[in-house]
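For reference, the structure is listed below as structure tokens.
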Amino acid sequence: MDSSDQPDLGDLPRWDLGDLYCGPEAAELAADLDAAAAAADNFNGDYCGKVGNLPAAELARAIQRYEDDEDLLGRIASYAQLYHAANVSDREVGRFYQTTMERLSEITSRLIFFTLELNRIEDGDLQTLLAADQDLARYAPWLRDVRAARPHQLADEQERLLHEKQVTGRAAWVRLFDETMADMRFDIDGDERSLEQTLHLLQESDGARRQAAAKALGVGFEEKKGLFALITNTLAKDKEIEDKWRHFARPDSARHLSNLVEDEVVDALADAVTSAYPRLSHRYYALKAKWFGVEALDYWDRNASLPDEDQAGFTFQTARDQVLAAYGRFSPALAEIGQRFFDNAWIDAPAAPGKSSGAFAHPTVPSAHPYLLLNYQGRVRDVMTLAHELGHGCIRYWRRGRGP
């Protein structure tokens, strides 16, 4: 790719996953996988088939053990996911990710019984248990959230089958999509660019550059449409089958349940946004077309910078300072938490080839800390993305009791 049109972004940080594990071949990682397997076997032997008859104090101890096991398993899974996200295109990285997730699936299949048996405890009996032990009462919010899935719970063997097949079913299709997207390159005037770099050009002030980028995206996705259609249709059918077995009322109900929000609440939000289209988005696009001196915007102009917008790029250090200053005006404590992400290499910023597209804040586990993935390219939108994802990271850090 021609670097002449790339602004000076300053020093872009790469994350250091050493707080989880120092590498995919680390002895600590192998030892933790073995320890997690042994702990799952012991937990299964101690409690499988017995959860409904445990006294309150013993149930509290069981949940504490389950929490500890989940923390260790989550640490391993988080490392594998983050290591893979930083270089989705690398086949050795993919091999490590796949084998690790297969091992974790095997281990966690021995723990599935626990929440299933918890959900078979009658409401009145559970309330009696919660009232009898303070340590157990501490888990009341978690138990409430687990039990929200009771109406959609299947038999134990069915749940275990679905769980074990995920790694070769739904997860495999998602991985194929992610790796395909990371491998794609788009030809723009002889330069090959990744998806993130091509999308970045849609914000250029030069209309011809925006059009070239949009056309290149169309060509690239046209070549992959058969594969993407197969992935989409397979995932949709997979979801339809599971939703039918779990008796979900509609396709989005499972997602709302996982977010602990009712269908009606999401419907109200969607209706409010849709009804506001004429008053907001339609007016905005009409006004933007007027500023561009056209009757209607071409599709490659939707994300274009406004004609009088300053096109100077923001170095990552400038973005950091602006975001932390804004946080500080809102809450000095929030800014202090945010600063830790920059001081401790918890952010992976460059738009590197083969890297996962987009941006996210990964919560990891209570015994660790969140990480942020960005594809920073110096636009105002990138600064806002940093502010957005850092906000997620700060909240997740604070929820782990590590805030000031």
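Taken together, the values in this text are just the output of simple stated rules run on the coordinates, not laboratory data. Here the structure is a predicted model, which means the values were calculated and not measured. Note: ideal-geometry Cβ built from the backbone for every residue, glycine included; neighbour counts use all protein chains shown.
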>> Need one word for the stretch 92-163: rounded, prolate or oblate. Basis is the Cα gyration tensor (sqrt eigenvalues a ≥ b ≥ c); a/c below 1.5 gives rounded, then a/b vs b/c decides.
In response: prolate
> Relative to the first principal axis of the alpha-carbon coordinates of the chain, what is the inclination of helix 380-399, with its axis defined by its Cα atoms, in degrees from 0 to 90 and to the nearest 10?
Replying inline: 20
> Amide H neighbours of Tyr371 under 5 Å, counting only residues 5+ apart in sequence or on other chains, H built in-plane at 1.01 Å?
Replying inline: His362, Thr364
> Lys239: which lysines have alpha carbons under 25 Å from its alpha carbon, excluding same-chain residues fewer than 8 sequence positions away?
Replying inline: Lys165, Lys224, Lys225
> By the gyration tensor of its Cα atoms, with a ≥ b ≥ c the square roots of the eigenvalues, what is the shape of the stretch 1-148: rounded for a/c under 1.5, prolate for a/b over b/c, or oblate?
Replying inline: prolate
> Where nothing but the Cβ of Lys and Arg (+1) and of Asp and Glu (-1) is charged, how large is the charge dipole of the stretch 238-329 around its Cα centre, in debye to the nearest 20?
Replying inline: 220
> Any idea what angle helix 281-292 forms with the longest principal axis of the chain, computed on alpha-carbon atoms, 0 to 90 degrees, nearest 10?
Replying inline: 30
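Report for the chain the percent antiparallel among DSSP-assigned beta bridges with both residues inside it, nearest 5.
Details: 6 of 9 bridges.
For the chain, the DSSP antiparallel bridge percentage is about 65.
Using a ≥ b ≥ c from the Cα gyration tensor of the chain (square roots of the eigenvalues), is it rounded, prolate or oblate, where a/c under 1.5 gives rounded and otherwise the larger of a/b and b/c decides, a/b for prolate? Could you put the intermediate results ahead of the total?
Values: a/c = 1.76, a/b = 1.68, b/c = 1.05.
Prolate, since a/c reaches 1.5 and a/b exceeds b/c.
If the chain between Ala155 and Lys225 were fully stretched, how many nm would it gain, using 0.36 nm times the residue separation less the Cα-Cα distance?
21.4 nm
Ranked from highest to lowest mean number of other Cβ atoms within 10 Å per residue, what is the order of the peptides 33-41, 359-367? Before the final figure, lay out the partial values.
Values: 33-41: 15.9, 359-367: 18.9.
Sorting 33-41, 359-367 by mean packing, highest first, produces 359-367, 33-41.
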> What's the angle, to the nearest 10 degrees (0 to 90), between helix 170-183's Cα axis and the longest principal axis of the chain?
Replying inline: 20
